[in-house]
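Asks: Got a structure for you, questions after.
Read the figures in this text as sums done on the coordinates, not as results from a lab. This is a predicted model, so every value here is computed, not measured. Positions of Cβ are generated from backbone atoms using ideal geometry, with glycine treated the same way; all protein chains shown enter the neighbour counts.
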Amino acid sequence: MNNKYANLFENIKNEKKTKNDTILLIDGLNTFLRSFTMINHINENGHHIGGLTGFLKSIGYAIKTLSPTRVIIVFDGVGGSSARKNLFPDYKANRGNKRMTNYPIFSSLEEEKISISQQMARLIAYLQCLPIDMLCIDGLEADDIIGKLATQFETDTNVKKVYIMSSDQDFLQLVSDKTNIYSPTKKKIYDDNLILEEYNVSSNNFIIMKCLLGDNGDNIPGISGLGPGKLKKYFPQLFSQDILNINDIINISKTTVGNTIYTKKNLNERIIYDKVIEREKQLHINNQLMNLKEINVSEENQIIIDNIVNNPNNDLDKVQFLRMYITDKLNDSIPNVQNWIEITFKYLSTF
């Protein structure tokens with residue numbers, strides 16, 4: 001092993017840390033699909049492997065950057081969106097109708113979907129060789145599980161730091177002194193100061209901002225005509241140190257409408273406040289759809305979560321990993337793959 005990396009490994013190993021000291025929670029599907037759409041790697045058999053190799057390299061980079069003592073990768077469960085679709089039938093109704101890539105290797109949407117399914121299945125086999133945990137619960141989305149884990153770790157005095165790896169902005173509402181969000185696309189670690197710098201709103205009020213603006217990716221409607229600029233103009237309280245909720249926004253709108261004499265000059269202001277009042281029910285639905293701090297799980301699912309938390313996987317099967325790597329003809333997709341495994345994952349098995 002390179003002396004530089006050997007010294008790094010020894011320093012990490014000798015630090016006084018416990019298994020749950022620094023936890024990295026990874027949004028599995030978000031990470032995979034980002035890799036799949038951005039990396040057009042083809043092996044010598046002519047198979048697309050970008051989702052597989054991109055995922056492994058991405059989590060490897062995050063581990064070397066953040067130095068977690070354990071890693072939990074979370075995937076959506078079967079029927080994970082069902083509860084939200086029951087609440088709001090149009091939730092994610094815009095998904096899956098068109099191809100994610102324009103790679104010539106795929107001649108149709110169906111071929112792309114088959115590749116995604118095959119690479120995901122193979123990825124799970126690789127991850128099972130590593131000293132990490134995977135969590136997937138039917139009826140829950142990855143967002144729900146990560147939100148539940150993050151809030152649970154917030155009250156665990158044995159946990160010193162939590163990182164959530166995802167490019168999904170929804171997780172920014174979970175930022176605290178203990179919990180930060182690592183954006184793999186921006187290569188940034190979001191704490192409350194960075195959220196304030198980029199969005200001019202605290203993490204505590206980030207969910208309220210999302211409810212008002214909506215989420216095009218999940219097909220969640222916001223208040224039409226209300227963008228980030230107007231949001232600050234009409235609801236400056238949202239950007240103060242006050243912690244607000246949806247009812248506060250409704251009451252601000254009603255009070256402003258009741259106390260303001262409207263003219264042609266400020267008619268647009270009246271229209272915005274009226275829309276907020278009219279869309280009160282939808283705003284509460286948006287909060288239920290996007291709020292990750294108030295996740296309720298069944299007793300059965302809580303047992304599954306607690307089992308993962310309390311029984312970390314420390315097993316590293318380097319031989320099987322490399323055997324699959326050769327079989328799949330991944331070649332130099334991960335440069336110096338043997339050193340990569342040693343540097344990235346071996347110390348995780350020592351806690």
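Asks: For segment 237-351, compute Rh as the Kirkwood radius over C-alpha pairs and then the Stokes-Einstein diffusion coefficient at 4 °C and 1.567 mPa s; write the answer in µm²/s, rounded to an integer.
Replies: 63
Asks: Report the extension gain between ASP90 and ILE261 in nm, rounded to one decimal, defined as 0.36 nm multiplied by the number of residues separating them, less their alpha carbon distance.
Replies: Numbers: separation 171, 0.36 × 171 = 61.56 nm, distance 3.74 nm.
Going from the current span to full extension adds 57.8 nm.
Asks: What's the local net charge at GLY80, with K and R +1, D and E -1, over the other residues with C-beta under 12 Å away?
Replies: Spelling it out: positives minus negatives among the neighbours equals -2.
Asks: Next up: Could I have the simple spin-label model distance between LYS187 and ASN331, label points 7 Å from Cα toward Cβ, reported in nm to one decimal?
Replies: The two pseudo-label positions are separated by 2.6 nm.
Asks: Using per-residue counts of other Cβ atoms within 10 Å, averaged over each peptide, order 284-296, 48-60, 109-121 from highest down.
Replies: Order by mean packing, descending: 48-60, 284-296, 109-121.
Asks: Measure nothing fancy, just the Cα-based angle from helix 142-154's long axis to the longest principal axis of the chain, in degrees from 0 to 90, nearest 10.
Replies: Taking the Cα atoms of the chain, the angle to 142-154 is about 90 degrees.
Asks: Another question, if that's okay. Restricting to DSSP H runs of at least four residues, report the calculated mean residue ellipticity at 222 nm for the chain, -39500 (n - 2.57) per run over all residues, nearest 500 deg cm²/dmol.
Replies: -15000 deg cm²/dmol
Asks: Specify which labelled value, from (i) 205; (ii) 129; (iii) 154, agrees with volume of the Cα convex hull per residue in Å³ derived from the coordinates of the model shown.
Replies: Label of the calculated value: (iii).
Asks: Does segment 187-260 come out rounded, prolate or oblate, given a ≥ b ≥ c as the square roots of the eigenvalues of its C-alpha gyration tensor, rounded meaning a/c under 1.5 and, failing that, prolate meaning a/b above b/c?
Replies: Oblate.
Asks: A further question on this structure: For the pairs LYS186/LYS346; LYS186/LYS233; LYS161/LYS188; LYS160/LYS210; LYS186/LYS230, flag any whose C-alpha to C-alpha distance is greater than 19 Å.
Replies: Going by Cα-Cα distance, LYS186/LYS346; LYS186/LYS233; LYS160/LYS210; LYS186/LYS230 fall outside the 19 Å limit.
Asks: Which residues among segment 161-180 fall inside the zone where the amide N is under 17 Å from a point 7 Å beyond the Cα of LYS19, along Cα→Cβ?
Replies: Only 161 fall inside the zone, counting backbone N under 17 Å.
Asks: Filter the trypsin sites (Lys or Arg not before Pro) in segment 180-229 down to the DSSP loop ones having no more than 16 other Cβ atoms within 10 Å, then list what survives.
Replies: Within segment 180-229, the qualifying trypsin sites (Lys or Arg not before Pro) (loop, at most 16 other Cβ atoms within 10 Å) are LYS186, LYS187.
Asks: Measuring from label point to label point, each 7 Å out along Cα→Cβ, what is the ASP248 to THR155 span in nm?
Replies: Computed distance between label sites ASP248 and THR155 equals 2.3 nm.
Asks: Tilt of helix 280-290 relative to the longest C-alpha principal axis of the chain, in degrees (0 to 90, nearest 10)?
Replies: 10
Asks: Right, here's the next one. In Å, the Kirkwood hydrodynamic radius of segment 31-168 over pairs of distinct alpha carbons?
Replies: 16.9
Asks: Considering all alpha-carbon pairs of segment 84-131, what whole percent are spaced by more than 13 angstrom?
Replies: Distances greater than 13 Å cover 68 percent of the Cα pairs.
Asks: Now for a different question. Give the peptides 267-276, 299-308 in descending order of average Cβ contacts within 10 Å, highest first.
Replies: 267-276, 299-308
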